[in-house]
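Asks: After the C-alpha cells below, expect a handful of questions from me.
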Amino acid sequence: MVAFAQVLFEGIVTGSLYGLLALGIVLIYRTTGVLNFAYGTIGAICACFMYILMTGPRIGFWLALPLTLLFALVFGAVVERLFARPVMHTPVFTKAIATLALALVLQTIAMQLWPQLTQAEHFSTPFEGMALRIGGVYISAVDGLILGVTALVMIGLSQFLTRTRLGVAMRATADNLAVARLMGVPVSLMFLLVWALSALVAGLTGILLASQSQILDIQFMDPILILAFVGAVLGGLDSLPGALIGGIVIGVADNLLALLLAGHTLGALNISDPGIRETLIFGGFVLVLLLRPQGLFGRALLRRV
Amino acid sequence: MTNTSPLLQIQGLTVHFGGLVAINALDLSIASGQIFALVGPNGAGKTTVLNCISGFVRPASGAIRFGETELLPLGRDRRAALGISRTFQNLQLFASMTVLENLLTAQHAQLRTGLVRALLPVGFSAREEAQARTRAHETLALLDLQPYADAVAGALPFGIQQLVGVARTLVVRPRLVLLDEPAAGMAHADVERLASNLRHWRDELGTTLVVIEHNMRLVQDAADHVCALNYGSKLAEGTPGVVLSDPGVQEAYLGRSGIGTSGVVSSSASPSATSVGEGEG
Amino acid sequence: MPTQHTGESAPPAALTNSMASAPDRSMRNDGWRSRLLEWRGALAVLGLLLLLALVPTIFDFWFGFSSDFQIHRISLIGIFVIAAFAQNVLTGYAAQPSLGNAAFFGVGGYLLAWLTNDLGQPYWVGILVAMGASAVLGIVVGGPALRVSGAYLAIATLGLVVIAGSLFDLWDTTAGRQNYDLNTLPALLTDDHPLYYFILALTAAILLLGYNVLRSRVGRAWLAIRESEVAAESFGVNLTRYKLLAFVVSAVLTGLAGGLYATWATTASSSMSSTDQTIAFLTMIIVGGLGSISGSILGAIFVGFLPLMLGQLPDPLVVGPAQMQIATLTTGIYGLLLLLALIFFSGGLRSLFPLARTWAQLGAQRILKRGAA
C-alpha cells in the first residue's frame, strides 16, 4: 500500500512535468497553430543556460534562476521573430516540420557554444538530499517544488488569461484571429508574447527536470517531449487544465505500469521492459482517442454545410 | 401541373437542433421535371430541407422517398449514386483542381474504375475516362464554360465559380438537382439570364430542380412551383404568382429581414404576380 | 437592325452554337495539346530513366574502385522515393496527416528478415508477406483514423511508431542481438550493381502505376477528400472506403520500401520505426511538395543526398578566422537548409520547376535578342 502511494506520488510528480510542457504546447498551438516539436529543445537550452551561469561565472542558484527566466522570455521572443513569423502562413504540417528543423539548428548552435553539454553534466541545486517522509511516503524537496511550481503556473496562467486585459486579448487571438484583428488587438505582439510566455514555461520545466534528475545535456528533454504531446492531445489540445491533467495521467500511468509489470515475464518475454510499458501507454492513448476523438476535454468540432 | 407521379416525396419531416425545431412536420411533393423553388426568410429551414435530402442532416422523424427508394437510411454517397446532386452556398468547389477536373471528379458515382483497373489506363478504364471527358466537355459547352476548362477553379471570379458549381451538378446527368442560392450576389441582368438558363438546362437534360432562392425575380421567372417556409413550417405553396403575392409570405419577409428583401418581394412580385399566375393556371 | 438582333440574342446563340459544334472542336484541341504535353513528359521520363540506367557505367568510369560504394549510396534514394511517394499518397493526396508510416517501414524490414532468416522462406515470399502484413496493419490503423483527425491523428499515429520501435527493440534484445541481420539474401541482391537496377526498376514501375492511379477516378476521389470532404461525399465518394484505401496503399508501399531498405542495409533495426524516420518521410514530402510525384522524388533526394553532400565538405571547415568541426555541424546545416527551403519554397521544391522554366525562357529570349541585334 505504501509502495503504491509512493508510486502514485511519483507518477503525479513526473506527470506534472509532462503537464507543464503540455501547457506550453497547447498555448502555442491554440494561438499560432504551431505544433511545436522544438519545445523540448527550448526548455533544455534554458536549463543549460542556467547550468552555464552557475558553473562559468559561478553565479548562485537563486540569482541564476531569475536571470534564466528572463533569458527564457527573451529567447522565446527571438525565436518567434526569427523563426515563427516567416512560417506563420504555411500549412500546419509545414509548420510542424519547420519546428523540427528549428530544433536541429538550435541544438547545433548550443553544442557549438557549450561543447561540454554534449555529454551529461551534473546539475547541482540547493535541494539535493533534502526530503520528507509523510506516512511512509518519501517526498524529496524537488518533488515538492515541482508540484508547487506546477500549481502556481497553472493558477497564474489561468488568472492571467481570464483576468488581465493582455490575457483576454491573447485568448481572443486564439479564438478567432480575424475578429481579434478587427477589434484592434495587436495580433503580432500577441504571438510574440505567447512564444515568450511558453518559453518561460519550458525553461521552468527544464530547470525542474534537471533538478530532479540532477543531470542535463542539450538533448535531455527530447524523450519527455513526445509524452508531453500525448498528454496535450489526451487533454484535448484546446484546454489548459486538460493539458495538465492529460500530462499527469500519462505520468501516473507510466509509474503504475512500471510497478505492476516489474519483475514479471510472459514466457520468454520480459514484460517489465520499458518497451512494453510504452506500448501499453500508447495503446491506451489510442483507445481513449477512439472513444473520444477530441481528447478528454476537447470540444467536438461541428461541420457546417 | 403535377400529373406525373412525384419524384421526391417528403412526409412529416421534422428536424431538431438542440431544443430548436428547425423543420416541423413538413410535407412536400416534387414532380418529375419540375423547377421547384423553396423560399422564405433567413433561418426558415430551406437549407436544412436540402441537407436532409442530401444526407448532411439527420431528421428526428419523417420520411423522404425518391422515386421508389427510401432515402433516409442511405449514406450520403449512396444518395449521390441515385442521381441526386447539389450545390452549396459556400460552393465547396475542389479549389485546387481545374474546372475540367472538377467535372471529372463529380462523376465519381457514375464511373466504375477501381484501384486495380486504374493501374493501367487501357481497355475499360481508358474508355470510361474518355466518356467522362466527353460528358464534362458537353456540360461545359452547355453552360458556356469551355474557356475556363483548364483554369484552376479556386482562382476564378465568384460568379464563374458559382456556374462551375452548377456545372458539377449537371455533369452527372442527375435525376434531381438541388441548388442552394444559385443567384446569390448576381447582377440583375445575370439573374434574368440564369432564369432562362435553368429552364433550358432542365429541358436539355430532362432533370428536376429544387432551387433555394432569395431573389424573387429568379423564382418568378424560372419556377414552376413555389413553397414558402417560415420557422420550419409551410407558409404557402403553389404557382409563383400565388405564393409571392400571398400576404403571409410578404409579412414573413417584411417582419423578419427588413426592407432590402421585402423591396424585392413587393416590387417584382406584386405587379407581375397575377399575370404569371393566370398564364400558368 | 441586324447588329441589334445579334447583340440581343448573343447568349442563346452562343449556347446552341457551342452545344452543336464546340465540344468536338474543344475535344480535339484538348486531345492534341494534352497528347503533345504527355509526349513531352514521357520523353523526358524516358531520357531520365536511360540516364539513371547508365549511372553505374558512368560511376565505374568516374570513381573506379569506390564505384560500388557510391552506387550503393545512390540506391538508397530509390527506396526513399518509394517511401516518400507512399507518404504523399496518404498525406498529400488523401490529406490524412498520419505520422505512422515508419511503423510499416519497420514491419516490412523485420518481417522480411524473419521470413527469410528464421523461417527459411524465399526472398520473394518474404517481400510479398511483408507487403501483405503492412496492408492488414494499414487497415487496423486506418480504421481508427477515420474517427480521429488533424493533430490528434498525427500524435496518435506517432504513437504507433513508438510502439513498433519498442517492440522491435524488445524482439532484438529478447533474441540477444543488436540488429536483425539478413543472412540469406539472394546472391544477386548483395551485389551493388544488380541491387541498383532492381531498386531502379521497382521505383520506376511503382511511380508509373502510381501516376496512372492518381490521374484516375481513384486519385481524384482522394484529392476531392483533400479539397472538400462535404463536396466529395455529395458526389458519391465513400469517405470511409477511400481513406482506408489510401492507408492501405500507403502501408503496402512503405512496407515494400522497408523490405528493400533491409535488403539494402542487409539488416533490419528498430531505428527503422523511430520518430526520426517518420520525420524523415514527412520532411521528404513537405520539402519536395505535397500532392505531387515530382515532389516525392525531389524530397527523397533532399533528405537522402544532403547529409551525404554535407559529409563531403572539407573537415575542419575554415570560415574566416573560425575553424569548425564539420561533423558536429552537419545536422545543424541540414536543419537550416530545411528551414530555408520551408520558408522560401513553402509549396515545396517542385515549385522550382515553373520558376526554372520561366528563367530559361527569359534567358533564351535575351540570347535571341542579342543574336538579332
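Asks: Between C:D181 and residues 5 or more places away or on another chain, which pairs have amide H atoms under 5 Å apart, with H built 1.01 Å from N, and which residues are they?
Replies: C:A268
Asks: Can you pull the one-decimal nm distance between simple spin-label points at C:L51 and A:L8, each 7 Å off the Cα toward Cβ?
Replies: It is 6.8 nm.
Asks: Separate question: For C:W62, C:W171, what ranking results if the residue with the fewest other Cβ atoms within 10 Å of its Cβ goes first?
Replies: C:W62, C:W171
Asks: Right, another one. Under the Karplus relation 6.51 cos²θ - 1.76 cosθ + 1.60, θ = phi - 60°, what is the ordered set of whole-Hz ³J(HN,Hα) values for the stretch B:160-168, x standing for Gly and Pro?
Replies: Each residue of the stretch B:160-168 in turn: 5, 4, 4, 5, 4, x, 5, 4, 4 Hz.
Asks: So for each of A:144-151, B:69-76 I average, over its residues, the number of other beta carbons within 10 Å; can you give me the resulting order with the highest mean first?
Replies: Descending packing order for the listed peptides: A:144-151, B:69-76.
Asks: Please compute the modelled spin-label separation between B:T14 and A:M130, points set 7 Å along Cα→Cβ, answer in nm with one decimal.
Replies: 6.8 nm
Asks: Please list, or write none, the lysines whose alpha carbon is within less than 28 Å of the alpha carbon of B:K234, excluding same-chain residues fewer than 8 places away.
Replies: Within the straight-line cut-off, B:K234 pairs with B:K46.
Asks: Same structure again: Sorting A:C46, B:C227 on the 10 Å Cβ count, fewest up front, what's the list? The partial results should precede the final answer.
Replies: On the way: A:C46 27, B:C227 24.
Arranged by neighbour count, lowest to highest, A:C46, B:C227 become B:C227, A:C46.
Asks: Could I ask something else about it? Under a point-charge model restricted to the Cβ atoms of Lys and Arg (+1) and Asp and Glu (-1), what is the dipole moment magnitude of the protein assembly as shown relative to its Cα centre, in debye to the nearest 20?
Replies: 1060 debye
Asks: Under 5 Å between amide H atoms, partner at least 5 residues away or on a different chain: which partners does A:F37 have, H built in plane at 1.01 Å?
Replies: A:T99, A:L100
Asks: Under 18 Å from a point 7 Å along the Cα-to-Cβ line of A:L67: which residues of the stretch A:22-56 have their amide N that close?
Replies: A:45-56
Asks: Moving on to the next point. Based on the Cα atoms of the stretch C:169-311, what semi-axes does the equivalent ellipsoid have, where each is the square root of 5 times one gyration tensor eigenvalue, given in whole Å with the largest first?
Replies: Largest first, the stretch C:169-311 gives 32, 19, 16 Å.
Asks: If R0 is 25 Å, what FRET efficiency do you get for C:A44 and B:L120 from their C-beta distance, rounded to 0.05?
Replies: Details: r = 21 Å, r/R0 = 0.82.
It comes out at approximately 0.75.
Asks: While we're looking at this one, here's another question. Could you tell me how far the Cα centroid of the stretch A:139-179 sits from the Cα centroid of the stretch A:51-125, in Å?
Replies: 21 Å
Asks: Something else about it: Using the Cα atoms of chain A, I'd like the radius of gyration and the largest Cα-Cα distance, Dmax, both in angstrom.
Replies: Rg, Dmax (Cα atoms, Å): 19.8, 66.
Asks: Bin width 10 Å, alpha-carbon pairs only: give the P(r) of the stretch B:1-76 as whole percents, running from 0 to the bin holding the largest distance.
Replies: Each 10 Å bin holds this share of Cα pairs: 19, 52, 26, 3.
Asks: Right, here's the next one. Quick one: grab the alpha carbon gyration tensor of the stretch A:96-207, order the square roots of its eigenvalues as a ≥ b ≥ c, and give me rounded if a/c is under 1.5, else prolate or oblate depending on whether a/b is larger than b/c.
Replies: Details: a/c = 3.57, a/b = 1.38, b/c = 2.59.
Oblate shape, in that a/c is at least 1.5 and b/c is the bigger or equal ratio.
Asks: With N set to the residue count of the protein assembly as shown, report its C-alpha Rg divided by 2.2 N^0.38 Å to two decimal places.
Replies: 1.08
Asks: If you take each beta carbon of peptide A:215-227 and count the beta carbons of other chains within 10 angstrom, what is the mean?
Replies: Taking all residues of A:215-227 together, the mean is 1.
Asks: State the percent of C-alpha pairs, over all pairs in the stretch A:44-172, separated by a distance greater than 19 angstrom. Show your work: numbers first, answer last.
Replies: Numbers: 5614 of 8256 pairs.
Everything past 19 Å amounts to 68 percent.
Asks: Given contacts defined as C-alpha pairs under 8 Å and at least six residues apart, what's the relative contact order of the stretch B:60-172, whole-number percent?
Replies: About 39 percent, as a whole number.
Asks: Follow-up question, since we're still on this one. If you wrap a convex hull around the C-alpha atoms of chain B and split its volume per residue, what is the figure in Å³?
Replies: 141 Å³
Asks: Under 15 Å from the Cα of A:K95, which aspartates and glutamates turn up, not counting those fewer than eight places away in the same chain?
Replies: Output for A:K95: A:E80.
Asks: Okay, next question. Quick one: Cα centre-to-centre distance for the stretch B:174-206 and the stretch B:33-59, in angstrom?
Replies: Going from one Cα centre to the other spans 17 Å.
Asks: The stretch A:251-281 to the stretch B:118-163: how many Å between their Cα centroids?
Replies: Result: 57 Å between the Cα centres.
Asks: Please list, ordered by chain and number, the residues whose modelled amide H lies under 5 Å from the amide H of B:A22; skip anything fewer than 5 residues away on the same chain.
Replies: The answer is B:V15, B:H16, B:F17.
Asks: Within the stretch B:181-224, find all residues whose amide N lies under 14 Å from a label point positioned 7 Å from the Cα of B:F158 along Cα-to-beta-carbon.
Replies: Flagged as within label range: B:181-188.
Asks: From the backbone phi of the stretch B:48-65, what are the Karplus-calculated ³J(HN,Hα) couplings (6.51 cos²θ - 1.76 cosθ + 1.60, θ = phi - 60°) in whole Hz, Gly and Pro given as x?
Replies: 4, 4, 4, 5, 5, 5, 8, x, 7, 10, 9, x, 6, 7, x, 9, 10, 10
Asks: Continuing with this model, one more query. For Cα pairs less than 8 Å apart in space and 6+ apart in sequence, what is the mean separation divided by the residue count of chain A, i.e. the relative contact order in percent?
Replies: Computed over chain A, the figure is 35 percent.
Asks: Considering every residue in A:284-294, what mean count of other chain Cβ atoms within 10 Å of its Cβ is obtained?
Replies: So the per-residue partner count for this stretch is 4.
Asks: If only Cα atoms are counted, what is the Rg of the stretch B:113-187, and what is its Dmax, in Å?
Replies: Cα radius of gyration and Dmax of the stretch B:113-187 are 15.0, 48 Å respectively.
Asks: Fewest first, what order do B:E181, A:E10, A:E128 take by the number of other Cβ atoms within 10 Å? Working shown, then result.
Replies: On the way: B:E181 19, A:E10 22, A:E128 14.
So the ranking, lowest neighbour count to highest, is A:E128, B:E181, A:E10.
Asks: Okay, next question. Rounded if a/c is under 1.5, else prolate if a/b is larger than b/c, else oblate: which is the stretch C:72-225, with a ≥ b ≥ c the root eigenvalues of its Cα gyration tensor?
Replies: oblate
Asks: I need the shape label for the stretch A:16-83. Rule: rounded when a/c is under 1.5, else prolate if a/b > b/c, else oblate, with a, b, c from the alpha carbon gyration tensor.
Replies: Here the stretch A:16-83 falls in the prolate category.
Asks: OK, next. Output wanted: per-residue J couplings in Hz (rounded whole) for the stretch C:228-240, from phi through Karplus 6.51 cos²θ - 1.76 cosθ + 1.60, θ = phi - 60°, x for Gly and Pro.
Replies: 6, 4, 4, 5, 4, 5, 6, 10, x, 6, 7, 4, 4
Asks: If you don't mind, there's one more thing I want to ask. Shielding of B:69-82 by partners, i.e. mean partner chain Cβ atoms within 10 Å per residue? Could you put the intermediate results ahead of the total?
Replies: Values: counts 0, 0, 0, 0, 0, 0, 5, 9, 11, 2, 3, 7, 3, 1.
Whole-number average of other-chain Cβ neighbours for B:69-82 is 3.
Asks: Give me the extension gain from B:A63 to B:S233: residue separation times 0.36 nm, minus the current Cα-Cα distance, reported in nm with one decimal.
Replies: 59.6 nm
Asks: Roughly what % of DSSP beta bridges within the protein assembly as shown run antiparallel, to the nearest 5?
Replies: 70 percent
Asks: Connecting C-alpha atoms closer than 10 Å in a GNM of chain A, tell me which of A:F282, A:F123, A:F229 has the biggest fluctuation.
Replies: Greatest mean-square fluctuation among the candidates belongs to A:F282.
Asks: If I build a Gaussian network model for chain A, linking alpha-carbon pairs within less than 10 angstrom, which residue out of A:L256, A:L113, A:L21 has the largest mean-square fluctuation?
Replies: Of A:L256, A:L113, A:L21, the most mobile in the Gaussian network model is A:L113.
Every number in this text was worked out from the coordinates using simple rules, so none of it is lab data. These numbers come from a predicted model, not from an experiment. With ideal geometry, Cβ positions are generated from the backbone for all residues, glycine too; neighbour counts draw on all protein chains shown.
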